[in-house]
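Structure, as structure tokens:
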Amino acid sequence: MRESGEMNKENQNIRFDVDEFEKLKRTLVKYSCALEVVVTHLNNLNTYYNAFEPVNPIEHIKKRIKSPESIAGKLKKKKASQLRLNLQIKICRILQELESFVPMQKNIYEIVEIIRNQPDFTLVREKDYLNHPKESGYRSYHLIVEINLGRLFGDQICQVEIQLRTSAMDFWATLEHKVKYKYDGQMPEYLSHELQISAEQIHELDERMYHIHELVDEINEDLI
């Protein structure tokens, strides 16, 4: 893996106009606020399930938003003529993510339905990589929602990407990302094949764990 100093040198190769860079930083503040709105909604949902329901479908939540310097690194392969604020803003929209981890796959669809019905969210699009995994084996459920930031920001709209997956799916996705990074996107075929097999085994494990959960529920009902 490359050292952080090497990454910083790459980022320094991208030169922004001072005004453009300041605009980008202010734009990121808006997207950070939108991210916090979604986090608050999911934290409230988490609190509700802990207080009023026997089972909480949310295990934990992780958020991420890229720094301006990191965005510069992402743009290092773009032509200088493309380094304009509108392109930077477009990239900001896909670089802020909210990941929510759930105990079992069936919980994912439960949370998806709740997000769809949130009055403060406008669902833009969704991708079901659970029933339709990527060729690599990647599984998750992605939603992009729009958030109105309110009068303070002139009722501007920002997008946030929400990714829902089990902890096992996240472990696989993290490993795949590290392998891709190590080989700069050119993963050897044998490693790609091993990851595909592992993804299928993780899916089978998730299914078996859910089956065990159902059996335990049935046993508990018989004991009542």
FRET efficiency for Glu218 and Thr47 from the Cβ-Cβ distance with R0 = 35 Å, rounded to 0.05, comes out at 0.75
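Per residue, how big is the convex hull around the C-alpha atoms of the stretch 166-208? Give it to me in cubic angstrom, could you?
Cα convex hull per residue, to the nearest whole number: 46 Å³.
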Name the long-range amide H neighbours of Ser140: under 5 Å, sequence gap of 5 or more, or other chain; modelled H, no Pro or chain starts. Tyr129, Leu130
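How do Glu200, Glu135 line up, fewest other C-beta atoms within 10 Å first? Walk me through the intermediate numbers first.
Details: Glu200 13, Glu135 7.
Taking fewest neighbouring Cβ atoms as first place, the list is Glu135, Glu200.
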Spin-label point model (7 Å from Cα, Cβ direction): what's the Gln118 to Lys182 distance in nm? 3.6 nm
How many percent of all Cα-Cα pairs in the stretch 113-224 sit more than 20 Å apart? 59 percent
With a point put 7 Å past each Cα toward its Cβ, work out how far His142 is from Gln201 in nm, to one decimal. 2.7 nm
Do any of Lys134/Lys182; Lys30/Lys127; Lys106/Lys127; Lys23/Lys178; Lys23/Lys180; Lys106/Lys178 go past 22 Å between their Cα atoms, and which? Lys30/Lys127; Lys23/Lys178; Lys23/Lys180; Lys106/Lys178
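Since every read-out is calculated from the coordinates, none of them should be taken as a lab result. Being a predicted model, the structure only gives us computed values, none of them experimental. Cβ atoms come from the backbone with ideal geometry, glycine included; neighbour counts cover every protein chain shown.
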